[in-house]
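Only one structure is covered here, and it is reproduced in the block below.
The values are calculated or read from the model by the stated rules, or taken from the named source; none is laboratory data. Computed from a predicted structure; not experimentally measured. Every residue, glycine among them, receives a Cβ derived from its backbone with ideal geometry; neighbour counts consider all protein chains shown.
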Amino acid sequence: MAESAAPAPAAPATGSAPTAPTGSAPAPTGAFDALAATRPRIRRDVLFTETPGGVLFHNADGGFHLTGRTAYRFASLVVPHLTGHHRLDELCAGFGPAQRAMAAELVKTLYARGFARDIPATESTTSTTGAEGTTGASGDNGLPEDIAERFAAQIAYVDHYTDGAPARFARYRATRVAVLGDDETARWCALSLVRNGCARIGTTTAHDDVTAEAAGAGARIETINAGAEVDAGWPELAGYDVVVVTGAGAGARTHALLAAGVPEGVTVIPAWIFGRRLIVGPLATAASTGCWSCALLRLGANVDAGTAATLWSEAAGAVPVSGDALAGPVAAMVGNLVGYEIFRLTTGALPAETAGQLLVQDLESLDVMAEPVHPHPRCTRCAALTAAQGPAPAALPDALALPVTPTVETARDAEALVEELNRISTALVRPYTGVFGRYDDEELTQTPLKLSRVEVALGGGVRRRIAAFDVHHLAGARMRALYAAAEAYVEHVVPLAEAGQDGPRQAVRTLGPADLTTGGGTGAEPTAWAVATSLISKEPVRVPAAALRP
């Protein structure tokens, strides 16, 4: 059998019957020997369809085509047995060389495409198939047999994506989750956790239906900070692994928890309202950067400075918290989303959606968008963490690098430039939490020069559109505009790292205003200094801060 990527047209029947190889070359056995000891399990979302030239394997993410006159019939016989319970050589016992080669080709392609996994022998007898009949048994994973049977669908879901499903589910079940909030979102989040197998949940508000379901599922519901007039802090949350914050004042409560310092091993997941938008995330740990404060700074700069100011006032305690909270189907949807996020986070079946990013849902259209949250340079928490965890400064180049102007010949080959532009744009140009808001060039006439503008927020509600040009193509203009916007962003938003006389960054020598060609000649003594590096001698020097930020 030969492979081709879907959705390529079906090739003419070129395969041979399974009973005899075609051609004079000997049937390949090396591929089969390499895979003989593996236990292939095909993913549950994989379908295979007969084509005029063979068989098409596909799922929601893509597919591939295997050609051969008997490829579909062979797949129909073999695929139902790819359950991970048997080794490939056991499945192919009694096969001739041609059939073994076909089986090896099929399994190798399924592995390469991510359509199947090799199941370790220790898991082949304890894994779960949910509704298909087999359930996990108790063992080293610590799951009682009745729990494994009750939550067979959840274990099967984990098993669909990764190995060690029973142990991963046991880790989720043992996770202690605190749900802070008295709204419907908190109730639905607790229900989601109970229904998916979490056994230790704490809530600030008692819900009879949650307690009743927990009793039937072998879970325990605790009440956190019952009757207290102040919000629960880290002393009251000791022992919990995940803390969910929802409801009215969720932003202020999240800010207070982050300001007090997230304990090691604890994850905070907030669900909060920003104007007419619901925000879920970003999650925060003791060492993570890109937190709630970073998200609010970005949203205030790019979306609505007034709404951000109100939330900052609530976080500071200057005004009462708003009573806004979700209700109805939207609250149920968000509560289940947060519960599912905890399932993803603790089992590792899929990456957490709020790790390093947030989810934005428009409460009017219900459209949802995920955007990355980079550490904001003015967030005191993340700035300190970034400085402590960041890489060492890059080495200075041996010689000055001059910009290379593309010629007509080199401009035609712009693939590398476009790829780099796409990479930077994906990370930095976003309408909600981007360092830059958007490109504003769709309505501009792109002749005779290519022109682009980048919108950048410079703080204080000020947004600027910075333009740049390129002779050859729009990608070049956008890249130049990004660099120019980055310079403006650093000058206006990033705090200048000052260098004192006695600081650890003391320079070798000091250059006063009179030593610089940009000096004003007023004789005024500088009050702030910074460290700069000479492009000629590579020597660090101490210069007035005004020389860097006029």
Got a sec? Which strands (runs of 3 or more DSSP E) wholly within segment 420-475 have at least 2 residues that are within 27 Å of the chain's Cα centre (by Cα)? 436-439, 450-457
Here are the criteria: (1) under 19 Å from residue 484 (Cβ atoms); (2) at pLDDT 95 or above. Tell me which single one residue 458 does not satisfy. (2)
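Residue-wise test of (1) crowded, with 22+ Cβ neighbours inside 10 Å; (2) in the same structural domain as residue 159 (by TED's automatic domain parsing); (3) modelled with pLDDT of 90 or more.
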{"residue": "52", "(1), (2), (3)": "no, no, yes"}
{"residue": "55", "(1), (2), (3)": "yes, no, yes"}
{"residue": "60", "(1), (2), (3)": "no, no, no"}
{"residue": "63", "(1), (2), (3)": "no, no, yes"}
{"residue": "67", "(1), (2), (3)": "no, no, no"}
{"residue": "73", "(1), (2), (3)": "no, no, yes"}
{"residue": "77", "(1), (2), (3)": "no, no, yes"}
{"residue": "81", "(1), (2), (3)": "no, no, yes"}
Counted residues, segment 334-357 - those being under 20 Å from residue 248 (Cα atoms) and without any contact (Cβ under 8 Å) to a residue 12 or more places away in the chain: 0
Taking the stated definitions as given, is residue 468 more than 27 Å from residue 278 (Cβ to Cβ) and crowded, with 20+ Cβ neighbours inside 10 Å? yes
Taking residue 162, is it outside the structural domain of residue 346 (by TED's automatic domain parsing), modelled with pLDDT under 90 and surrounded by fewer than 22 Cβ atoms within 10 Å (Cβ to Cβ)? yes
Taking residue 184 as meeting all but one of (1) surrounded by 21 or more Cβ atoms within 10 Å (Cβ to Cβ); (2) of a type outside the set (A, V, I, L, M); (3) out of contact with any strand residue (DSSP E or B) (no Cβ under 7 Å at 6 or more places or on another chain); (4) under 30 Å from residue 387 (Cα atoms), write down the number of the exception. (4)
How many residues does segment 345-384 hold that are farther than 14 Å from residue 431 by Cα and either among the β-branched types (Val, Ile, Thr) or part of a strand (DSSP E or B) (or both)? 4
The listed residue being under 23 Å from residue 334 (Cα atoms) and within 27 Å of the chain's Cα centre (by Cα), out of 153, 167, 206: 153
Name the single residue, out of those in segment 385-419 being more than 20 Å from residue 477 (Cβ to Cβ) and not in a loop (DSSP other than H, G, I, E, B), that is modelled with the highest pLDDT. 385
Number of the exception - residue 178 against (1) crowded, with 22+ Cβ neighbours inside 10 Å; (2) more than 22 Å from residue 348 (Cβ to Cβ): (2)
Note on residue 216: of the conditions (1) in contact with a strand residue (DSSP E or B) (Cβ under 6 Å, 6 or more places away or on another chain); (2) small (Gly, Ala, Ser); (3) farther than 23 Å from residue 354 by Cβ, unmet is (1)
Please state which one of 303, 330 is within 30 Å of residue 169 (Cβ to Cβ), β-branched (Val, Ile, Thr) and either free of Cβ contacts under 8 Å to residues at least 40 places away in the same chain or surrounded by fewer than 22 Cβ atoms within 10 Å (Cβ to Cβ) (or both). 330
Residues of segment 231-252 being of a type outside the set (A, V, I, L, M) and within 19 Å of residue 327 (Cβ to Cβ), in sequence order, are 246, 247, 249, 251
Condition first: over 38 Å from the mean Cα position of the chain (by Cα) and either modelled with pLDDT under 85 or over 30 Å from residue 425 (Cβ atoms) (or both). Can you find one or more residues in segment 476-498 that meet it? no
Return the residue satisfying two criteria in turn: it lies in segment 358-401 and is over 14 Å from residue 279 (Cα atoms) and under 19 Å from the mean Cα position of the chain (by Cα), and of such residues it is surrounded by the most Cβ atoms within 10 Å (Cβ to Cβ). 376
For segment 438-449, state whether one or more residues are charged (D, E, K, R) and modelled with pLDDT under 90. yes
Name every residue in segment 60-88 that is assigned to a helix (DSSP H, G or I) and either on the phi > 0 side of the Ramachandran plot or out of contact with any Lys or Arg (no Cβ under 9 Å at 6 or more places or on another chain) (or both), in order of residue number. 71, 72, 73, 74, 75, 76, 77, 78, 79, 80, 81
Counting only residues in segment 306-325 that are over 21 Å from residue 284 (Cβ atoms) and touching an Asp or Glu at 6+ places or on another chain (Cβ under 8 Å), the one surrounded by the fewest Cβ atoms within 10 Å (Cβ to Cβ) is identified as 320
Take the residues in segment 508-550 that are of a type in the set (S, T, N, Q) and surrounded by 10 or more Cβ atoms within 10 Å (Cβ to Cβ), then tell me which one is nearest to residue 496 (Cα to Cα). 533
